[in-house]
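The values are calculated or read from the model by the stated rules, or taken from the named source; none is laboratory data. Fair warning: this is a prediction, and the values are worked out from it, not measured in the lab. Counting neighbours? That spans all protein chains shown, and the Cβs are built from the backbone with ideal geometry, glycine included. Accessible surface areas use protein heavy atoms only, side chains included; no ligands, DNA or RNA. Shrake-Rupley method; radii C 1.70, N 1.55, O 1.52, S 1.80 Å.
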Amino acid sequence: MIVKNVAQGSINEVVLEDGFYVLKILNDTSDNQKVTKRIDSSFVQFHFCLKGHAKFMFNKGSYALDVSEEHSLLLYNPQLDLPLNLELSPNSWLVSVVMTIRKFHSLFSREADYITFLSKQNRDKKYYAQEGVSPAIAVILSQMLHYNLHPSIKELYIKAKVYELISLYFNKSTDAEIEQCPFLVDEDNVKRIRKAKEIIISRMAEPPTLGELSAEIGLSLKKLKEGFKQIYGDSVFSFLFDYKMEYARKLLETGKYNVNEVGLKVGYSTSSHFIAAFKKKYGTTPKKYLLGLAN
């Protein structure tokens with residue numbers, strides 16, 4: 001692997017098995033960071049940009065794919081090597097999961113037809129996909145970057161998180177009606193659903209009801225609920241809960257606010273309610289979480 005301009009950045013490769021590894025690339029500098037690594041055609045690649053912007057270059061720089069913050073890129077081409085040729089913008093973080101297609105097949109051996117590019121007619125074709133990162137996936141990625149564990153169990157922890165990550169990445173609704181819903185083909189409806197997400201995030205301390213939200217974006221309650229789940233993989237308020245907890249976690253890590261202040265910022269009138277919500281999400285209290293980071 002070749003890395004350039006990493007004075008204040010870092011790159012870490014965690015090998016989980018032969019042909020199965022995770023790259024954590026953090027560029028905290030004010031310069032672009034370039035990373036190259038040989039990856040042949042037997043591998044499938046998942047790249048997640050948590051912060052900032054990443055540019056993936058192919059064919060000696062003649063073609064590029066941009067991946068912005070909270071977006072992902074899946075790459076697989078059985079006919080062509082896809083070496084990593086990455087340019088990471090200043091103040092950007094990237095997590096990549098790379099595994100052989102054989103390893104990947106083994107994860108879905110009983111469900112091969114469920115994953116689009118694993119179906120018999122497609123499994124030998126190239127596959128590229130760019131998607132948004134859901135709040136649930138963002139939490140897992142953050143946990144993969146920030147943990148305080150004994151070195152002897154680090155690989156086990158990361159492997160477990162990768163399996164959780166891949167599961168959520170390919171999670172699809174089991175509701176046939178929602179799965180077949182054709183209205184999302186309408187670009188205007190998609191824009192309305194995205195507007196709904198922006199509204200609940202901007203007003204997370206006092207979010208509107210579903211009825212108020214549907215009226216504000218001009219979409220029926222049924223289409224709001226179905227469309228939101230299709231686009232973001234979760235219900236409106238489950239999505240908002242995940243977002244609020246991740247936002248609260250980041251605020252706590254700054255050290256600028258106490259637990260009560262953070263709770264108020266994300267809409268909890270009492271610290272006890274916020275502590276209970278945080279523990280429900282992360283399995284620990286805000287205070288214990290911060291103590292763990294300090295160790």
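Taking the range 44-65, which residues are among the aromatic types (F, W, Y) and touching a Leu at 6+ places or on another chain (Cβ under 8 Å)? Please lay out each step first, then the result.
Let us first name the residues in the range 44-65 that are among the aromatic types (F, W, Y), namely 46, 48, 56, 58, 63.
If the condition is that a residue be among the aromatic types (F, W, Y) and touching a Leu at 6+ places or on another chain (Cβ under 8 Å), then F46, F48, F56, F58 are the ones that fit.
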Task: Restricting the range 264-280 to residues that are open to solvent by 60 Å² or more (accessible area, probe 1.4 Å) and in contact (Cβ under 8 Å) with a residue 24 or more places away in the chain, the residue that is farthest from the chain's Cα centre (by Cα) - done: L264
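Can you tell me which residue within the range 224-263, out of those that are part of a helix (DSSP H, G or I) and more than 25 Å from the chain's Cα centre (by Cα), is nearest to L145 (Cα to Cα)? First the steps, then the outcome.
Of the residues in the range 224-263, the ones part of a helix (DSSP H, G or I) are 224-232, 236-254, 259-263.
Pick out the ones that are also more than 25 Å from the chain's Cα centre (by Cα) and you get 259-261.
Details: V259: 23, N260: 26, E261: 25 Å.
The selected residue is V259.
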Task: Residue list for the range 234-263, filter: without any contact (Cβ under 8 Å) to a residue 12 or more places away in the chain and open to solvent by less than 60 Å² (accessible area, probe 1.4 Å) - done: S235, S238
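When you look at K60, is it more than 30 Å from Y243 (Cα to Cα), open to solvent by 50 Å² or more (accessible area, probe 1.4 Å) and not in a strand (DSSP E or B), yes or no?
yes
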Open item on the list: For the range 63-99, give me the residue count where each residue is outside any strand (DSSP E or B), open to solvent by less than 30 Å² (accessible area, probe 1.4 Å) and touching a helix residue (DSSP H, G or I) at 6+ places or on another chain (Cβ under 8 Å).
Closed with: 0
Task: From L141, L168, L156, residue being assigned to a helix (DSSP H, G or I), modelled with pLDDT of 80 or more, open to solvent by less than 50 Å² (accessible area, probe 1.4 Å) and under 28 Å from Y76 (Cβ atoms) - done: L141
Open item on the list: I'm trying to understand the selection: among the residues of the range 281-295, which are surrounded by 15 or more Cβ atoms within 10 Å (Cβ to Cβ) and more than 19 Å from G255 (Cα to Cα)?
Closed with: K281
Open item on the list: Just to verify a result, which residue in the range 106-138, among those that are open to solvent by less than 50 Å² (accessible area, probe 1.4 Å) and over 27 Å from F241 (Cβ atoms), is modelled with the lowest pLDDT?
Closed with: A112
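Has the range 204-227 got at least one residue that is farther than 30 Å from V98 by Cβ, at pLDDT below 85 and open to solvent by 30 Å² or more (accessible area, probe 1.4 Å)?
Going through the range 204-227, the residues farther than 30 Å from V98 by Cβ turn out to be 204-227.
From what's left, at pLDDT below 85: 226-227.
Still in the list and also open to solvent by 30 Å² or more (accessible area, probe 1.4 Å): none.
No, that holds for no residue.
Kindly provide the set of residues from the range 28-48 that are in contact (Cβ under 8 Å) with a residue 60 or more places away in the chain and either more than 22 Å from I101 (Cβ to Cβ) or loosely packed, with under 15 Cβ neighbours inside 10 Å (or both), ordered by number. So that I can check it myself, show each step before the final result.
Of the residues in the range 28-48, the ones in contact (Cβ under 8 Å) with a residue 60 or more places away in the chain are 28-30, 42, 44, 46, 48.
If the condition is that a residue be in contact (Cβ under 8 Å) with a residue 60 or more places away in the chain and either more than 22 Å from I101 (Cβ to Cβ) or loosely packed, with under 15 Cβ neighbours inside 10 Å (or both), then D28, T29, S30, S42 are the ones that fit.
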